[in-house]
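Worksheet: the structure to be examined is printed underneath.
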Amino acid sequence: MSYTGHVTVGGPPQVRELADLIITKVAVGPMSNNAYVLRCRHTDEQVLIDAANDAETLLETIGEGGLARVVTTHRHGDHWQALAEVVADTGARCLAGRHDADEIGVPADDLLDDGDEVPVGRSRLRVIHLVGHTPGSIALLYDDPDGMPHLFTGDALFPGGVGKTWSADDFASLIDDVEHKLFDRLPDETWFYPGHGDDSTLGTERPSLAEWRARGW
């Protein structure tokens, strides 16, 4: 089955095979959160992005290969409900953005700052700090040497707009960070994987940036 990025709670995962990484996307309830398992083709090391909910489904997706790390994109509870169980079952290290780490229910082994790297076997994810949805929200960039960039955005960027904010200052911060740290630096073919719903590309969303800024959400 070709990868489309569309998953549903209780449905099968979607698998995207790259030259060096395999990306598995699965939806878990009750808020239809996306979780992503990344596996290095060379070492079989795996990293989970957002142990959102339904530990049984996540552990089944992880499989027998074990788990090296769990990265939590931000502090909101729907993104870490299964974190304690997944960490306890796998022994994985727990990673989160420095300014959200105290709010994720499990002590973080590693605090992440803008520009840090998270290993996935021989590959690396670059941390991008995006302030506004929460103080410590992070995106994770895999710049595929054999293809287009792949960007895991948590709840900071979705098809159709940036993530929810609760004040004009938070919105201004988030839209500025998304525009300048993502759209200004990455090419149109960059494929992004959000914390809920379907995927998109920066090129698809780029023409709407001015509209998002004008509407204020």
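With semi-axes defined as the square roots of five times the eigenvalues of the C-alpha gyration tensor, the equivalent ellipsoid of region 140-217 measures 21, 12, 11 Å, largest first.
Apply the a/c threshold of 1.5 to the C-alpha gyration tensor of region 77-140 and tell me whether it is rounded, prolate or oblate. It comes out oblate by the Cα gyration axes.
Using packing as a proxy for protection, rank 112-120, 35-43 so that the peptide with the highest average count of other Cβ atoms within 10 Å comes first. It would help to have the intermediate numbers written out before the result.
On the way: 112-120: 16.8, 35-43: 19.8.
Highest mean packing first, the order is 35-43, 112-120.
If region 14-215 were replaced by its equivalent ellipsoid, with semi-axes equal to the square roots of 5 times the Cα gyration tensor eigenvalues, what would those be, largest first, whole Å? Before the final figure, lay out each step's value.
Numbers: eigenvalues 128, 75, 44 Å².
The three semi-axes for region 14-215 are 25, 19, 15 Å.
Note on the chain: dipole from Cβ charges, positive end direction compared against Tyr36, Gln14, Ala214; the farthest Cα belongs to Ala214.
When the chain is fully extended, how far beyond the present Cα-Cα distance does Arg93 get from Glu64, taking 0.36 nm per residue of separation? Walk me through the numbers on the way to the answer.
Numbers: separation 29, 0.36 × 29 = 10.44 nm, distance 1.70 nm.
Stretched out fully, the Arg93 to Glu64 stretch lengthens by 8.7 nm.
Within the chain, DSSP assigns beta bridges of which about 70% are antiparallel (rounded to the nearest 5). Semi-axes of the equivalent ellipsoid for region 1-61, computed as √(5λ) from the eigenvalues of its C-alpha gyration tensor and ordered from largest down, come to 20, 14, 8 Å.
Give the residues of region 29-56 whose amide nitrogen is closer than 11 Å to a point set 7 Å from the Cα of Asp146 in the direction of its Cβ. The answer is 41-42. In a reduced charge model with +1 at each Lys and Arg Cβ and -1 at each Asp and Glu Cβ, the chain shows a dipole moment near 220 debye about its Cα centre.
Quick note: the coordinates plus some simple rules give every number you see, no bench work behind them. All of these numbers come straight from a predicted model, not from anything done at the bench. FYI the Cβ positions are ideal-geometry reconstructions off the backbone, even for glycines, and counts take in every protein chain you see.
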